[in-house]
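Values quoted throughout were computed directly from the atomic coordinates according to the rules given, and no laboratory measurement underlies them. If you're wondering where the values come from, they're calculated on a predicted model, not measured in any experiment. Virtual Cβ from ideal backbone geometry, glycine too; neighbours counted across all protein chains shown.
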Amino acid sequence: MTRIFARRATLRRSVGLLGDFRHEQDDPDLFYGALARDSLELIEDLYAGMTGQDLTGRTVLDVGGGPGYFAEAFHRAGARYIPVEPDPTEMHAAGLTVGGAIRGSGMALPFRDDSVDICFSSNVAEHVPEPWTMADEMLRVTKPGGLMVLSYTLWWGPFGGHETGPWHVFGGEYAARRYARKNGREPKNRFGVSLFDVGAADGLRWARTTADGELLAAFPRYHPRWAWWMVRIPGLRELLVSNLVVVLRKK
């Protein structure tokens, strides 16, 4: 089912995204604009690969949608886009107004069972103290036969510590203290508070054992297609995959 998206997964795309992603802190519009385009393409391609259909009229729930940077892209694709964000400050950080935005926790989604066509989360699980509770909730609210996509940053990868990297490999608390000393302020992503140690093995174990979903694919989100084999190698995937995507169909 990844065949359509795999055609986009080129080295050129990977290099372009890496250049944009360096600006998360200093130019969030550039960073999130690139991430929005890539997220839409990812979801469009995976949904088309699973169902043969586009997103027109589909309800897309974005868990951890922040200030709504993704809204315009999904609306243009014809989807009904609903972001859920627990932090009111984050919801209004970009000055955007997104109709239907909901304040709520990914670990207790304020939605009925089987209520959305597609539930996805991009770069959020590593910020949640109970990421697999969130994953269970995402699957709960997805309709039978619907698509769930969880994309998250791996702790031991090059970007696992976010702005505190690469020092996070010596410990999250050490990296946070070092960042504060060097910059005179606390990092946005504070280890143990808003940033946690989440690995590839954790996500694959959850996806393979959950009773309510069928694992369809797992691959490195930002790598070219020829590097996707890394996901199959324990240990190596924790260091080199960087961002893991797990794709499930709701049973």
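What's the FRET efficiency of D29 with D87 using the Cβ-Cβ distance as r and R₀ = 22 Å, to the nearest 0.05? Can you show the working numbers first?
Working: r = 19 Å, r/R0 = 0.86.
Rounded to the nearest 0.05, the efficiency is 0.70.
Can you give the extra length, in nm with one decimal, that the chain gains between D197 and R181 once fully stretched, where that is 0.36 nm per residue apart less the Cα-Cα distance? Before the final figure, lay out the partial values.
On the way: separation 16, 0.36 × 16 = 5.76 nm, distance 2.22 nm.
That pair, D197 and R181, stretches by 3.5 nm at full extension.
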* **Cα-only Debye scattering, the chain: base-10 log of I(q)/I(0) at q = 0.11 Å⁻¹** => -0.55
* Reachable aspartates and glutamates from K250, Cα under 20 Å, same-chain residues fewer than 8 places away excluded? -> E44, D45, D54, D62, D113, D114, D117, D136, E137, D202, D212, E214
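Within 10 Å, count the other beta carbons around each residue, average over each peptide in 1-10, 157-166, and list them highest first. Could you put the intermediate results ahead of the total?
On the way: 1-10: 15.7, 157-166: 20.0.
Answer by packing, highest mean first, reads 157-166, 1-10.
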* Structure fact -> In the chain, helical segments from DSSP H whose Cα atoms cover 30 Å or more along their own axis and that average at least 0.0 on the Kyte-Doolittle scale are 28-51
* Would you kindly derive the ³J(HN,Hα) couplings of the range 105-116 from the backbone phi angles with the Karplus curve 6.51 cos²θ - 1.76 cosθ + 1.60 (θ = phi - 60°), listing them in order in whole Hz, with x for Gly and Pro? => 8, x, 7, 8, 5, x, 9, 5, 4, 6, 10, 10
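Using packing as a proxy for protection, rank 224-236, 51-63 so that the peptide with the highest average count of other Cβ atoms within 10 Å comes first.
Working: 224-236: 14.2, 51-63: 18.0.
Packing order, densest peptide first, comes out as 51-63, 224-236.
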